[in-house]
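Down below is the structure, laid out as structure tokens.
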Amino acid sequence: KNEVEQSPQNLTAQEGEFITINCSYSVGISALHWLQQHPGGGIVSLFMLSSGKKKHGRLIATINIQEKHSSLHITASHPRDSAVYICAVYFGNEKLTFGTGTRLTIIP
Amino acid sequence: DTAVSQTPKYLVTQMGNDKSIKCEQNLGHDTMYWYKQDSKKFLKIMFSYNNKELIINETVPNRFSPKSPDKAHLNLHINSLELGDSAVYFCASSRLGASDTQYFGPGTRLTVL
């Protein structure tokens, strides 16, 4: 069965802290996406990866295909990073399967 | 200049009514999607279309009928609305398919009373 699990469900941290959000999946995949949903509701694609590591500004996404695991890291976190972060996996079946999301709150 | 647009942004209606949500993308993408996000923020695919052809119909009640008049538009019509249909509906598009980066519309919050 194609499943995606994210942890933690909720995360509260102080401004400046290093943040890690995890995503695990059940079987081999073709691609994994990290999405950000702003408090206003809009959804933005942050990364799409199938191997290795990608970096954009203070955000870093990594994937370990053998361990079926991906992480999203935020360095020097800021209150504007407060959002829901969603992992979505492409199992090769023409659709994305979504994790339950991680609600991140950064306190000034 | 909005890449993926949806209308309306909010929709409040009575049980039993029929309503439509419209989606348009100006990115030249071949694939479009409808997603439903429930009250716990969980996203799930409903439909996907590639070049106006239905690719995915994810066990959605047949009260929901997508229509794609051309590859830039994917509309969602819902008949006989039920309380459980209340959710946020997102349209999205991608160039090549579900493995490619997806661009989301702003969402339509549907409330059924």
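The values are calculated or read from the model by the stated rules, or taken from the named source; none is laboratory data. Predicted, not measured: the structure shown is a model, and the values here were computed from it. Methodologically, a virtual Cβ is constructed for each residue, glycine included, from the backbone with ideal geometry; neighbour enumeration extends over all protein chains shown.
Structure notes:
- Looking only at residues in segment B:57-77 that are within 14 Å of chain A (Cβ to nearest Cβ) and free of Cβ contacts under 8 Å to residues at least 12 places away in the same chain, the one that is farthest from B:T7 (Cα to Cα) is B:T59.
- Residue under evaluation A:G16, criteria (1) surrounded by fewer than 16 Cβ atoms within 10 Å (Cβ to Cβ); (2) assigned to a strand (DSSP E or B); (3) touching a residue at least 60 places away in the same chain (Cβ under 8 Å), criterion not met: (2)
- Residue check, B:K41 more than 10 Å from chain A (Cβ to nearest Cβ), surrounded by 15 or more Cβ atoms within 10 Å (Cβ to Cβ) and at pLDDT below 90: no
- For segment A:80-89, a residue qualifies if it is without any contact (Cβ under 8 Å) to a residue 60 or more places away in the chain and not in a strand (DSSP E or B), and the qualifying residues are A:R80, A:S82.
- Taking segment A:33-79 as the range and being more than 14 Å from chain B (Cβ to nearest Cβ), outside any strand (DSSP E or B) and surrounded by fewer than 18 Cβ atoms within 10 Å (Cβ to Cβ) as the test, the residues that pass are A:G57, A:R58, A:I65, A:Q66, A:E67, A:K68, A:T75, A:A76, A:H78, A:P79.
- For the condition touching a residue at least 24 places away in the same chain (Cβ under 8 Å) and within 22 Å of B:K41 (Cβ to Cβ), A:I65 does not qualify.
- Selection from segment B:33-45 of residues that are in a loop (DSSP other than H, G, I, E, B) and in contact (Cβ under 8 Å) with a residue 12 or more places away in the chain: B:D38, B:S39
- Residues satisfying the criterion are absent from segment A:88-96 (criterion: aliphatic (A, V, I, L, M), over 20 Å from B:D100 (Cα atoms) and within 14 Å of chain B (Cβ to nearest Cβ)).
- Test for B:M15: is it within 15 Å of the chain's Cα centre (by Cα) and at pLDDT 95 or above: no
- Of the set (1) away from every other protein chain (no Cβ under 13 Å); (2) surrounded by 20 or more Cβ atoms within 10 Å (Cβ to Cβ); (3) not aliphatic (A, V, I, L, M), all apply to A:S26 but (2).
- Out of B:S48, B:S99, sole residue that is in a loop (DSSP other than H, G, I, E, B) and within 11 Å of another protein chain (Cβ to nearest Cβ): B:S99
- When segment A:90-100 is filtered for residues that are closer than 23 Å to B:M32 by Cβ and either assigned to a loop (DSSP other than H, G, I, E, B) or free of Cβ contacts under 8 Å to residues at least 60 places away in the same chain (or both), the ones remaining, listed by number, are A:F91, A:G92, A:N93, A:E94, A:K95, A:G99.
- Every residue from segment B:7-32 that is under 22 Å from B:V112 (Cβ atoms), within 13 Å of chain A (Cβ to nearest Cβ) and either without any contact (Cβ under 8 Å) to a residue 40 or more places away in the chain or not basic (K, R) (or both): B:Y10
- B:L54 vs. criteria aliphatic (A, V, I, L, M) and over 23 Å from A:G40 (Cα atoms): yes
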